[in-house]
Amino acid sequence: MLGEIALYAFIILVITGTFLALFFNGSADKVVYHGTYRALYGVTMSSAYQSVLHLSFEVRAGLLVRQMHHWAADVFIGAIIAHLLRIFFTAAYRRPREINWLVGLTLLVLALANGFFGYSICADLLSGAGLRVGYAILLSVPLIGPWLVQLLFGGTVPVDATIPRLYVLHIFLVPALISVLIAVHLFIIWRQYHTNYPGPMRTNRTIVGSRVWPSYTLKSLGLFFFVFALVAGLGGLVQIDPVWIYGPDNPAAVLPGAQPDWYLGWVEGAMRLFPGVNLHLGRWLIPEVFFPGMLFPSLVFLVLYLYPFLDRFSSQDRDEHHVLRLPSQQPFRTALGCAVLALMAVLLVAGGDDVIAVATGSSVVAIRTLLRILVFAAPAFTGFVVYSICRLKSRRYAGIGRANRA
C-alpha cells in the first residue's frame, strides 16, 4: 500500500497547504520586521519571509501546520520513490502497465519540482542559496537556458518576480497536474486491477485480491489515520526547516553547511564530485554545472522512462503479465537496481561532504577524493554481490522445483 501512503500524504499536503495559503504573502516587497521574534526585530526582509515568521510565531497552530506540510512533502516523495522501487524490483511495469509506470515517474518529477518551489518561496537564506543553484543549473542549458530562467524566475535571481511566479506554480499549476495524474493513475489501476505476487491460483489470467468493501476500505482508512498521525507527530515534535535561524535571503551571504532537501541531495552531490570541466563548442560555452546538474538527472529519468520498453525489446516478451516476479528470479535487473541505489547513496553523502568534514575533523578534499572512488566502486561491488546472491537463490529454487516435480 505504498501508493496509498503517497495519496494520503498528498491529501495532507492539500489540507495544510490551504491553511498556510491563508497567511502567506508571496511578495518580494521589502518590509521592516516588527513581529514577536526579537532576534530579527527591525531587520529588513521580504514580505514573503515576514509572513513565514508571522505564521510560525503569531498564528495559532501555524508552526505545527507549517512543519506538518514540510514533513508531508517528505513522506509524499519518499512513498512515491518506495512505490517505484517496488514496481521496478518486481517487474510490475510490464505490459499492460507501462503507461502507469510513465504516470508514476511524471508524478515523481512534479513532486520533486514542487518541493523545490515550496522551500524556495520562503525567501530565507537557505532557500535563497538553493534558488541561486537552481538558477545556475537552468541557465547552463545550451541555447535555451536564458529563455528558461526568464520564463521560470523572471530574470537574474534574485528578482522581484521570482517568488510570485514560484508561488503560483507551487499552489496552483503543479498541484493541479499532480491531482490529474493521481486520478489517471487510480483509474488505470481500477481498470487493470493490482498485480499479484506468485502463489496458489495466481496466474496471468486470474487476479486474487480483497474486496473493496469492507476489508480493503477499512484497511485503507486505517492507513490514512496512521499517516496523518505520523505527520502530525513529526510536525509537533521534530523541528524541520527553522527559517528564523537562517535569517532573510541575502545574495552576498552564504549559509555554512547549506544543502537541499534529501530528495535533491543526489544532484547536489553530483555537482560536488564532478570535475570542473567547461566545454567549448565553437563560440558556445557549456559550463561545468550543466553536466552534473542538468544532463545527469535528465539521463537518469530518460532511462527510467524508457526502461519498460527497453526491457520488452531485450526480452522479446510482449505478453500481458499480472503476476509479479520476485527479485531473486531476475538477477540482472535486481543487481542493476541495487547498483543504481548504491550510486545515489554515494551522491547523497557527497551532497553533505562539508558537514561530514566538520563533524569528523577531516579534510573536505580527502572525503571528496574517497567519494569519487566510491562513485564507481560502490555500484560495481553492490551489483556483483546482489547478482551473486540472486543467482544462488534462483538455483536453489530451481532445485526445489525439480525435486517437487520428481
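The values are calculated or read from the model by the stated rules, or taken from the named source; none is laboratory data. Because the structure is a prediction, the values reported are computed rather than measured. Heads up, the Cβs are rebuilt from the backbone with ideal geometry, glycines too, and the neighbour counts pull from every protein chain shown.
Evaluate the stretch 326-346: report whether one residue or more is basic (Lys, Arg) and over 16 Å from Ala270 (Cβ atoms).
For the stretch 326-346, residues basic (Lys, Arg) and over 16 Å from Ala270 (Cβ atoms): present.
Name the pairs whose Cβ atoms lie under 6 Å apart, with the first residue in the stretch 204-222 and more than 23 Å from Glu320 (Cβ to Cβ), the second outside any helix (DSSP H, G or I) and among the small types (Gly, Ala, Ser), and 6 or more positions between them or separate chains?
Short answer, once both residue conditions are applied: Tyr216/Ser210.
Of all residues in the stretch 146-171, which are assigned to a loop (DSSP other than H, G, I, E, B), of a type in the set (Val, Ile, Thr) and in contact with a helix residue (DSSP H, G or I) (Cβ under 6 Å, 6 or more places away or on another chain)?
Hit for the stretch 146-171 is Val157, nothing else.
Would you point out which residue out of Ile373, Ile356 is modelled with pLDDT of 95 or more and either assigned to a helix (DSSP H, G or I) or in contact with a Lys or Arg (Cβ under 9 Å, 6 or more places away or on another chain) (or both)?
Within the list Ile373, Ile356, the selection yields Ile373.
Suppose we keep only residues that are closer than 14 Å to Tyr246 by Cα and among the hydrophobic types (A, V, I, L, M, F, W, C) within the stretch 7-62. Which one would you say is surrounded by the most Cβ atoms within 10 Å (Cβ to Cβ)?
Among residues in the stretch 7-62 that are closer than 14 Å to Tyr246 by Cα and among the hydrophobic types (A, V, I, L, M, F, W, C), the one surrounded by the most Cβ atoms within 10 Å (Cβ to Cβ) is Val52.
Filter the stretch 172-211 down to the residues that are of a type in the set (Gly, Ala, Ser) and not in a helix (DSSP H, G or I) and list them by number.
Of everything in the stretch 172-211, those that are of a type in the set (Gly, Ala, Ser) and not in a helix (DSSP H, G or I) turn out to be Gly199, Gly209, Ser210.
Given Gly130, Gly199, which one is without any contact (Cβ under 8 Å) to a residue 12 or more places away in the chain and small (Gly, Ala, Ser)?
None of the others qualify; the one that does is Gly199.
Are any of the residues in the stretch 76-91 under 24 Å from Pro248 (Cβ atoms), buried (at least 18 other Cβ atoms within 10 Å of the Cβ) and in contact with a helix residue (DSSP H, G or I) (Cβ under 7 Å, 6 or more places away or on another chain)?
no
Mind listing whichever residues of the stretch 141-166 are crowded, with 21+ Cβ neighbours inside 10 Å and among the hydroxyl-bearing types (Ser, Thr, Tyr)?
Passing the criteria: only Thr162.
Filter the stretch 73-91 down to the residues that are of a type in the set (A, V, I, L, M, F, W, C) and over 11 Å from Gly3 (Cβ atoms) and list them by number.
Correct list: Ala73, Val75, Phe76, Ile77, Ile81, Leu85, Phe88, Phe89, Ala91.
Within the stretch 236-264, can you find the residues that are buried (at least 19 other Cβ atoms within 10 Å of the Cβ) and assigned to a helix (DSSP H, G or I)?
Within the stretch 236-264, Val243, Tyr246, Tyr263, Leu264 qualify.
I want to confirm something. Restricting to the stretch 302-333 and keeping residues that are basic (Lys, Arg) and assigned to a loop (DSSP other than H, G, I, E, B), which single residue is surrounded by the most Cβ atoms within 10 Å (Cβ to Cβ)?
Applying the filter and picking the extreme gives Arg325.
Might you check whether a residue that is in contact with a Pro (Cβ under 9 Å, 6 or more places away or on another chain) and crowded, with 22+ Cβ neighbours inside 10 Å occurs anywhere in the stretch 100-114?
Yes, there is a match, as at least one residue in the stretch 100-114 is in contact with a Pro (Cβ under 9 Å, 6 or more places away or on another chain) and crowded, with 22+ Cβ neighbours inside 10 Å.
Please identify the pairs in which a residue from the stretch 327-349 that is under 22 Å from Leu273 (Cβ atoms) has its Cβ atom under 6 Å from the Cβ atom of a residue that is surrounded by fewer than 20 Cβ atoms within 10 Å (Cβ to Cβ) and among the aromatic types (Phe, Trp, Tyr), counting only partners at least 6 apart or on another chain.
As it stands, the answer is Gly337/Phe89, since those pairs meet every condition given.
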